[in-house]
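Working notes for the structure below.
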Amino acid sequence: MRRARPPVGLLIPAVLALALIVVPLIGLVQRAPWSSLGDQLSSHAVRQALGLSLRCSLSAVGLSLVLGVPLAWMLARTSFPGRRLVRALVLVPMVLPPVVGGVALLYAFGRRGFAGHLLERLTGITLAFTTNGAILAETFVAMPFLIIVVEAGLRQVDVRYEEAAATLGAGPWRRFWRVTIPLVFPSLAAGAALAWARALGEFGATITFAGNLPGKTQTMPLAVYVALETSPDLAIVMSLILLAISLVVLAGLRDRWLGA
Amino acid sequence: MKPPVRTLAALAVALGLATAACGSSSKPASSGTSTSAAAPTTTVSPGLTGSLTIFAAASLTAAFDDIKANLKTSAPGLSLTNNYAGSQALVQQIENGAPADVFASADTANMNKLVSSSMVDPPQNFAHNALEIAVAPGNPKGVHGLSDLSRSDLKVVLCDASVPAGKYARQALSMAGVTVHPVSNPLDVKAALMTVTSGEADATIVYVTDVMAAGRGVTGVPIPANQNVIATYPIAVVKSTKNPQAAQAYVSYVVSGPGQKALQARGFMAP
């Protein structure tokens, strides 16, 4: 097919759309304190926030894999009453403003929340204002990304491979691990990368539910926000790190989404 | 592999909402309970017409809401929008071109940042405020002073050190020789108070006026004068205002009789 020459009515808004995305990134990069970049990167504040962010976001992805993949499998491979409702519920954290998610978490898992109260009485564990709380908040917002990508992947896999494994005597557990998981691995990796990027950028739910304490719950986005008011250079450096990580995630997903 | 279209659409929606949720928090005045705070003046205030946006420290919320309610009757030609946040956040917003006409800070340090970059007219001090410990209603954990805040069985929240209230609280604690390990550093006094009213934290240090505004939601534990820090509140016209006459009239209103009456009804001290 011959490529059509774009009409001006489409070309101009298209260029503006691109500018809308690119101009802010230029704004960030041109303000970067290049001369002191090395010092800023190795500063305690940056290392502490980055270390905490990596710990929390990777834990959130781990939790999302352990809990989310089974749910994705249930949604893709089984039918049970209310399945459509469950699927809709899974998507709620994606469309909910994160700060609302934080308020919801606070009133459920806070010290006075019904679930938090029970948890504290049974196990002595409290979640609000703890690193575990930050991980929970990030899992809440990130897990849906993993679930829907893995579910879509499971639906594309040819079930005859699993059926063939069954005729050869493999039980359902063995089929899941030895046949299904290897087949959906690309979706699993893409879902995990997306969930990781989302967890890493989490702000609203974290500050509302987990609070803001350096080294405990002050992840990179919170540290950027606080630093913007006290030391803008530090905020820019941390923003650049997050930007770089986002680009790495995109590069990792390029076969899947940038192929077209 | 083809991208799942629904996934991308949902992703776009989620990211859009995420950024929207981080926007500035300008709240409309909503304190209907404060009719006793200051009797509305019957004279129409001269010069107070058009629209004004007031950037005020979060601790001024109740008092400035009252002033707004009073001006509704005495200056009907004025359309007033109040934006409350930590003073440090407001300074950052004004420096980056936020459309503020008047700035009221909870400390002189933040106001001086705007003075030194010539973004505001010379400020005037209009109020003082003292610190107080806020605990759950009835003080179930038996907090009697700053020294109790170092107890390991207490979850204590202190505003971030960049927030005036957080800076003052740390000054008070160091004067009292008390070391506190806060569980969170919220970014304004209202957020700090919320952690106590919601029961997540046991104690925080806020202003006397915040404890008063919270009513039965918290109990205040006074801090003796020799350990207390008195906050000074300056107010100034932002130079980029499009309505300098009204902005100046608003500042005059706050520093003079009716404004002072509204502030003192909410627990502020005269400058």
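Conditions (1) within 14 Å of A:S53 (Cβ to Cβ); (2) out of contact with any strand residue (DSSP E or B) (no Cβ under 7 Å at 6 or more places or on another chain); (3) part of a helix (DSSP H, G or I); (4) not basic (K, R), marked per residue:
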position: A:T206; (1), (2), (3), (4): yes, yes, yes, yes
position: A:G211; (1), (2), (3), (4): no, no, no, yes
position: A:V224; (1), (2), (3), (4): yes, yes, yes, yes
position: A:E229; (1), (2), (3), (4): no, yes, yes, yes
position: A:S239; (1), (2), (3), (4): yes, yes, yes, yes
position: A:L242; (1), (2), (3), (4): yes, yes, yes, yes
position: A:S246; (1), (2), (3), (4): yes, yes, yes, yes
Among residues of segment A:217-244 being of a type in the set (V, I, T) and at pLDDT below 90, the residue surrounded by the most Cβ atoms within 10 Å (Cβ to Cβ) is A:V226
I'd like to know if segment B:139-157 contains one or more residues that are buried (at least 18 other Cβ atoms within 10 Å of the Cβ) and either within 28 Å of B:A262 (Cβ to Cβ) or within 15 Å of the chain's Cα centre (by Cα) (or both). no
Filtering segment A:161-188 for residues that are touching a residue at least 40 places away in the same chain (Cβ under 8 Å) and closer than 30 Å to A:L105 by Cα leaves a count of 1
Picked from segment A:88-139 (must be in a loop (DSSP other than H, G, I, E, B), of a type in the set (A, V, I, L, M, F, W, C) and within 10 Å of A:A210 (Cα to Cα)), the residue modelled with the highest pLDDT is A:L127
Of A:R198, A:R174, A:R178, the only residue that is at pLDDT 90 or above and either in contact with a Pro (Cβ under 8 Å, 6 or more places away or on another chain) or within 11 Å of another protein chain (Cβ to nearest Cβ) (or both) is A:R198
Inside segment B:172-188, the number of residues satisfying the requirement of being outside any loop (DSSP other than H, G, I, E, B) and hydrophobic (A, V, I, L, M, F, W, C) is 3
Among (1) part of a helix (DSSP H, G or I); (2) modelled with pLDDT under 90, B:N226 falls short only on (1)
Those residues of segment B:200-223 which are over 24 Å from A:V103 (Cα atoms) and either touching a Pro at 6+ places or on another chain (Cβ under 7 Å) or part of a strand (DSSP E or B) (or both) amount to B:Y207, B:G220, B:V221, B:P222
Those residues of segment A:58-109 which are within 14 Å of A:E202 (Cα to Cα), more than 14 Å from chain B (Cβ to nearest Cβ) and not small (G, A, S) amount to A:L58, A:V61
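The values are calculated or read from the model by the stated rules, or taken from the named source; none is laboratory data. Source: prediction; values computed, not measured. Using ideal geometry, Cβ is built from the backbone for each residue, glycine included, and neighbour counts are taken over all protein chains shown.
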